[in-house]
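Each remark here refers to the structure printed beneath this line.
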Amino acid sequence: MDSEYEEPLSPGGRLFVQPATHQIINIVFGLERPITFDALRTVISGSLLIKHPRFSSLLVTDNHGREHWRKTEIDINRHIIIHSNPVGEGDNDEEVVSEYLADLTVSSPLTTDKPLWEVHLLSAHKCLVLRIHHALGDGISLVSLMLTLCRKLDDPEQTPITGPLTSSTENHKNSGTLESILKLVKMVWFTLVYVFEFMMRGAWVKDGKTAVRGGEGVELWPRKLVTAKFSLQDMKTAKSLVANATINDVLFGVISSGLSKYLDSRSPDSLPEGLQMTGVALVNLRPSPGLQDIKELMKKNAGTAGWGNKVGIVLLPVYYHRNRSDPLQYLKRAKMMMDRKKLSMEAFLSHQIGYFVMKYFGAKVASLLEYRVICNTSFTISNIVGPREEITVAGIPITYMRATSSSLPHAITMHMVSYAGKADMQILVAKDIIPDPEKLAKCFEDALLEMKQHAVQT
């Protein structure tokens, strides 16, 4: 091999090309009107996307089974998949696109005879689907890069703002010596507890059986995709119920409340009060939150601030409570749990454990560990802060921005992306386990509205 033109995959990249943890990210841009092939090709040709080394490299494997990136020439025409005719039946474009995406999450890998990305042009439904292999980078890296294809609606010469969205009103004050010591003790304690739990989840500890839990092999089952639609203003109103709460606190309170509502409708009075359902959340390990400056991401030797899969895993427990529970209690429990998780080093150490296993035991063992953690938990959740203002691609306004990923052993996978005051959460389900995901989405939406109403009345 010519080492000048080949580069080994990062540990995170190797994890996502293993069969058990193979992942493709699907980013969807809804458009105000259809975009033409020529306009789309022009946008891609002049973007940073094709200049990025990962997006102009083939995935190859050497004689020892190690994966490498090999530089190649890009034929953009091969990366644009055109669907001039409708891809499904129905009058609702969003529902047809969701059905199309659900099929892609199970049965449509990317071919390795070209760089691992595609853009599907669904002209009849006024949308673009960007399919990108997770080995190329994490969600924040990829969405930050995809936004270089776009421009601000009110300033067509400028790319969208990618600065973090501060969602907490917490005051950061200098702590006294005793308070600092207590905080350190809590950090060590919570870290030990959570890392031990993470390791046990990779061994044998698993969630109890519920109507929403998947398991080994469920990643191969047929999928259905729906969207829960939230207002960021409603989430901000809800978080005012609890001092120093964040949007993420509200999100996990909504998930806890929504799952309880849904389980009440599926299996009333059959589950014990307080039953734990554990989520797997991917956490950004970069120094700054939210979308990143693409110039900083692409710098060499940028460490944890640079390009790649800079994420850790955090296990997030939510609890079943029977209907009519106080919405405020869901938010308080969510905030208490999230504060403890943020205080601990669980995300960082889960990343380091994966790196250690990858280095000394190989990619297959590391993949098996993550697969076991997923099989023994109940759902996946991620949240990416998108652009705060409206944006365009090729001069066409983007009406919504959403994301989902390849199917997992979980029966529920949730990815939320905020855009221009809205937050859309894509809910991918194994439809043989959850046949009515529309009801589940409605439970989440109702949970937020109840929290907002409670906040308004307080």
For this session: Collect the residues in region 179-214 that are basic (K, R) and open to solvent by 20 Å² or more (accessible area, probe 1.4 Å), keeping them in residue-number order.
Result: K183, K186, K206, K209, R213
Seminar exercise, completed: Over region 406-417, the set of residues in a strand (DSSP E or B), open to solvent by less than 10 Å² (accessible area, probe 1.4 Å) and not hydrophobic (A, V, I, L, M, F, W, C) is T413
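Residue by residue, here is whether (1) of a type in the set (G, A, S); (2) over 22 Å from the mean Cα position of the chain (by Cα); (3) over 29 Å from E157 (Cα atoms) holds:
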{"position": "Q23", "(1), (2), (3)": "no, no, yes"}
{"position": "K51", "(1), (2), (3)": "no, yes, no"}
{"position": "R70", "(1), (2), (3)": "no, yes, yes"}
{"position": "I80", "(1), (2), (3)": "no, yes, no"}
{"position": "N92", "(1), (2), (3)": "no, yes, yes"}
{"position": "D113", "(1), (2), (3)": "no, yes, yes"}
{"position": "E118", "(1), (2), (3)": "no, no, no"}
For this session: For K332, state whether it is modelled with pLDDT under 95, farther than 26 Å from I132 by Cβ and either of a type in the set (A, V, I, L, M, F, W, C) or open to solvent by 10 Å² or more (accessible area, probe 1.4 Å) (or both).
Result: yes
For this session: Pull up region 77-133, narrow it to residues that are without any contact (Cβ under 8 Å) to a residue 12 or more places away in the chain and among the acidic types (D, E), then point me to the one that is nearest to L147 (Cα to Cα).
Result: E95
Exercise. For region 215-233, what are the residues that are open to solvent by less than 60 Å² (accessible area, probe 1.4 Å) and touching a strand residue (DSSP E or B) at 6+ places or on another chain (Cβ under 6 Å)?
Worked result: V218, R223, L225, V226, T227, A228, F230, L232
Exercise. So which pairs qualify, if the first residue must be in region 39-67 and over 18 Å from A135 (Cβ atoms), the second must be open to solvent by 40 Å² or more (accessible area, probe 1.4 Å) and at pLDDT 90 or above, the Cβ gap must be under 6 Å, and the two must be at least 6 apart or on different chains?
Worked result: A39/A394; V43/A394
Problem set entry | Members of region 234-290 that are open to solvent by less than 30 Å² (accessible area, probe 1.4 Å), touching a helix residue (DSSP H, G or I) at 6+ places or on another chain (Cβ under 7 Å) and in a loop (DSSP other than H, G, I, E, B) | V242, A245, T246, L271, R286
For this session: Determine whether K299 is modelled with pLDDT of 90 or more, of a type in the set (D, E, K, R), surrounded by fewer than 22 Cβ atoms within 10 Å (Cβ to Cβ) and not in a strand (DSSP E or B).
Result: no
Exercise. Only one of I161, I140 is outside any strand (DSSP E or B), buried (at least 23 other Cβ atoms within 10 Å of the Cβ) and of a type in the set (V, I, T); which?
Worked result: I140
For this session: Please name all residue pairs, on different chains or six or more residues apart, with Cβ atoms under 6 Å, provided the first residue is in region 233-255 and is over 20 Å from L440 (Cβ atoms) and in contact (Cβ under 8 Å) with a residue 40 or more places away in the chain and the second residue is open to solvent by 10 Å² or more (accessible area, probe 1.4 Å) and of a type in the set (D, E, K, R).
Result: T237/K452; V242/K332; V242/K335; N244/E170; A245/K239; A245/K335; D249/K335
Exercise. Does I381 satisfy the criteria of being open to solvent by less than 10 Å² (accessible area, probe 1.4 Å), over 23 Å from I313 (Cβ atoms) and in contact (Cβ under 8 Å) with a residue 12 or more places away in the chain?
Worked result: no
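The values are calculated or read from the model by the stated rules, or taken from the named source; none is laboratory data. In this text the structure is predicted, and so the values were computed from the model without any measurement. Counting neighbours? That spans all protein chains shown, and the Cβs are built from the backbone with ideal geometry, glycine included. Just so you know, the surface numbers come from the protein's heavy atoms only, side chains and all, with ligands and any DNA or RNA stripped out. Shrake-Rupley method; radii C 1.70, N 1.55, O 1.52, S 1.80 Å.
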